[in-house]
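Notes to accompany the following structure.
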Amino acid sequence: MKRKYNEKLYEDIIKKYPEEFLGEPMDFVDQQPVYHGFRPDLIFRDLGGKIVVVEIQLMALDRHHFYKTLEYRDYIMEVNDEIQVRVIVICNSIPNRFNRLLRAHNVEHIILSKSEFMQKLSRVEPKIIIIDSELDDTVHRYTKTTINTIIRRLQINKTGAKKCEGFDARVFWFPSNDNNMSSQQYYSYDLSTLRKVGNFYFDINKSLPSYIDPSSMYYPEKIALPREIIVSESALSRFNYEQLDIFLAWLKLLGKYSRANNFEDEEVILGWIIDPDIYNYKSYISSRKRLFYPLFHIYGGEYTYNLIKIKEHLKLFNELYIYSGKFPNLKKLQFCDSFQIQTGPGRLLDNRNSMESLYRSMGKEIDSILSTIDKYEWITIKITSISKQYILVMEELINHILFHHMKGPKKNFVWNKECGRCMAPSKILNEIDEEALKMSAKYFSSLNSFSPIFLA
């Protein structure tokens, strides 16, 4: 008998031989039953009469599969009035970060590598011949266009597929938690049913927009689509942990400035808190004092600021693009249009002049005060056309990279391991075929740097 190596094979074999694969005799109840939108792989009853939900995942256990097993258990306990329902996950490997969660939620697990499964299979069903790989079969199993379908397509390099050669980019896919559906429903939702006008874009100022399924007449389903964020790969690779952390400090500071429009100019003054405060600098930084301190620490000396370092950093920051729009028609979005670094207190000079005039009119000594204050060098950075979209999206992305993708004592980039937040390992775009990227561009929401289009 010829069979493909896939999850269906696991299900068919385990339901026939539970003791061999689950380690105890059980009575088979159902395979892939549908419970109000839920579809667990296998249902058994153990010898004690408890319902046992078995969830199978090829390769490593991921966040999506883990949490949907909990949803299965909770639903079955509620509907069937069961006091206790056992959950067993079977997968090829389990990342260490799941060990605590498995214990906390009382989820049993069985690590079954492909070679171990094949050995047991040869004992219980020696006539079965494996003719296909799990990845080939994964593509053919799905007939609907779902989030899971797209993610799997994005991770599979098909022989002969047209690659995105020469395209300097790295792509991230983030799920949305802004849905009124379960995780299992979210990932398996048929995206072709969505009603839309134009393309899907996300609004940086609000929660993700909900797209409506018109077929749900009385209880419409709302789904906030995953976000696709694309950045320039060559520039990102030049950053180290410290530089990303410094860039994040700049983004947080500039994000606090009030900008009604997307592209506006800003003046950042790096000065000193000196008594008397003739520049009124305390008032200037009052609402952002905590956000200025990292820049004081990074660039400040005893009396001066490191202009060369400031210039190097701002130049590096402005080379890190975010791509807006839809593949392949993407546009580069920069941190700002340009920047200028000048010595002096900028617009705060007016405060000094006013204070100096006041002191002299009152007959107070001011020259010695000015002599002391003038030992300190002030720096004014004028930044033109700051992109509000860029700041908000990049701040979120750098936070994510620092926390999830920089590992080890040297804080090196780690891209191709599951991070717990990305929907798929972040890969360089030119390693993915163009058709898969066009699919994600069609169904995932993207950044639009001009005028977002939402549902009517």
Counting residues that are acidic (Asp, Glu) and without any contact (Cβ under 8 Å) to a residue 12 or more places away in the chain, which strands (runs of 3 or more DSSP E) fully inside region 258-343 reach at least 2? none
In region 278-292, the residues that are surrounded by 14 or more Cβ atoms within 10 Å (Cβ to Cβ) and either of a type in the set (Asp, Glu) or under 30 Å from the mean Cα position of the chain (by Cα) (or both): 288, 291, 292
Filter pass, residue 122 being at pLDDT 85 or above, hydroxyl-bearing (Ser, Thr, Tyr) and over 29 Å from residue 149 (Cβ atoms): yes
Could you tell me whether any residue of region 362-381 is within 31 Å of the chain's Cα centre (by Cα) and free of Cβ contacts under 8 Å to residues at least 12 places away in the same chain? no
Can you tell which of 351, 306 is assigned by TED's automatic domain parsing to the domain that holds residue 247 and buried (at least 17 other Cβ atoms within 10 Å of the Cβ)? 351
Among the residues that make up region 74-86, is at least one of them in the same structural domain as residue 57 (by TED's automatic domain parsing), closer than 23 Å to residue 26 by Cα and under 28 Å from the mean Cα position of the chain (by Cα)? yes
Of everything in region 344-355, what is in a helix (DSSP H, G or I) and of a type outside the set (Ser, Thr, Tyr)? Give them in sequence order. 346, 347, 348, 349, 350, 351, 352, 353, 355
Among the candidates 299, 323, 293, 284, which residue alone is within 25 Å of residue 445 (Cβ to Cβ) and either in the same structural domain as residue 394 (by TED's automatic domain parsing) or not basic (Lys, Arg) (or both)? 323
Right, residue 379: closer than 24 Å to residue 255 by Cβ, touching a Phe, Trp or Tyr at 6+ places or on another chain (Cβ under 8 Å) and assigned by TED's automatic domain parsing to the domain that holds residue 254 or not? yes
Suppose the filter is buried (at least 16 other Cβ atoms within 10 Å of the Cβ) and either modelled with pLDDT under 85 or not aliphatic (A, V, I, L, M) (or both); does residue 27 pass it? no
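The values are calculated or read from the model by the stated rules, or taken from the named source; none is laboratory data. The structure displayed is predicted, hence computed values, not measured ones. Glycine also receives a Cβ, built like all others from the backbone with ideal geometry; neighbour counts cover every protein chain displayed.
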